[in-house]
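Visitor: Supplied in structure tokens, the structure appears directly below.
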Amino acid sequence: MRREHHWWYSERLGRDMGVAVFGAWGPPLLTFPTSGGDEWEYERQGLIGALADIIDAGRVKIFSANTNHRDSFANERAHPRHRSWMQRQYDAYVAEELLPFIRGHCQDPHIGVWTMGASLGAYHAANTLFKHPDAVKRCYALSGVYDMKRFMDGEYDDNFYFNNPVDYLANLSDPWTLGQLATCEIHIATGTGPWEQSGEAYRLSQVLASRGVRHHLDDWGPQGGHDWPYWTLQMRGYLSRA
């Protein structure tokens, strides 16, 4: 399997940000780590190895990103409105730095990017598609959290609103955005397995349905647990049919 690592200093985030790339060709899949992870988490946890045959066959090319979670929502030393500002900056980093890098690496300035994430990573995967449906055309959000109010200590501002999917989607009426979302394939995965809290997925599904946004609420039942073996099983299932 072809394996690369790239990094650069992001002025938006004030830190170096890395991207691990797995595979030589195929549709680009941008993965986001869990709350304590980095760009190597999916490889450390065995998911990349479990998908090796799919990657080597050119069914997908994985770009594994890092996040600034410790500088944004997890930064308890910062004022909540600074946390939401840093999440806004991360969204700008993804849109203005990471997505252009992926398209450049694929040598196609118009290629549709897919996203994927588990746990907190599912929030980033889904939020990135919802915010940029012209660039991101498919999403696999596994065991996600889609209402981030728990990180804001009761504070609320525009930066938070426009990065809290259950809020901004509930009021979505822009024809262009709704038209772009209609061209996307959205998978929200949950289940009844260990440690899974399916209420977040069902709530997001209800919000999307209220705006007429087509999506898949994939309840994996006992195979939908909140841990790596379940997420690995789900991604093999999804990508083997992609």
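The values are calculated or read from the model by the stated rules, or taken from the named source; none is laboratory data. Remember, predicted model here, so these are calculated numbers, not experimental data. Using ideal geometry, Cβ is built from the backbone for each residue, glycine included, and neighbour counts are taken over all protein chains shown.
Visitor: Could you identify the single residue in R103, R88, R138, R81 that is under 20 Å from W7 (Cα atoms), surrounded by fewer than 22 Cβ atoms within 10 Å (Cβ to Cβ) and either modelled with pLDDT of 95 or more or hydroxyl-bearing (S, T, Y) (or both)?
Guide: The match here is R103.
Visitor: Are any residues in region 203-242 touching a residue at least 40 places away in the same chain (Cβ under 8 Å), hydrophobic (A, V, I, L, M, F, W, C) and buried (at least 19 other Cβ atoms within 10 Å of the Cβ), and if so, which ones?
Guide: L204, V207, V213, W231, M235, L239
Visitor: Give the residue, chosen from E155, E185, that is in contact with a Cys (Cβ under 8 Å, 6 or more places away or on another chain) and surrounded by fewer than 19 Cβ atoms within 10 Å (Cβ to Cβ).
Guide: After ruling out the rest, the residue left standing is E185.
Visitor: Might you let me know whether region 103-118 holds any residue that is aliphatic (A, V, I, L, M), closer than 24 Å to A201 by Cβ and outside any strand (DSSP E or B)?
Guide: Within region 103-118 (the criterion being aliphatic (A, V, I, L, M), closer than 24 Å to A201 by Cβ and outside any strand (DSSP E or B)), the answer is no, since none of the residues qualifies.
Visitor: Under 6 Å between Cβ atoms, at least 6 apart or on separate chains: pull out the pairs that start in region 176-195 with a residue that is over 22 Å from P133 (Cα atoms) and modelled with pLDDT of 95 or more and end on any residue that is acidic (D, E) and surrounded by 15 or more Cβ atoms within 10 Å (Cβ to Cβ).
Guide: These pairs meet every condition: T190/D219; G191/D219.
Visitor: Let me ask something else. Which members of region 26-49 meet the condition of being out of contact with any Lys or Arg (no Cβ under 6 Å at 6 or more places or on another chain) and touching a residue at least 60 places away in the same chain (Cβ under 8 Å)?
Guide: P27, L29, L30, T31, F32, P33, T34, S35, G37, Q45, G46, L47
Visitor: Still on this structure, please answer the following. From S84, S72, S64, which residue is over 17 Å from A242 (Cβ atoms), touching a Ser or Thr at 6+ places or on another chain (Cβ under 7 Å) and of a type in the set (S, T, Y)?
Guide: After ruling out the rest, the residue left standing is S64.
Visitor: May I pose another question? Listed residues K131, K149; which is surrounded by fewer than 20 Cβ atoms within 10 Å (Cβ to Cβ), basic (K, R), under 19 Å from F32 (Cα atoms) and at pLDDT 95 or above?
Guide: K131
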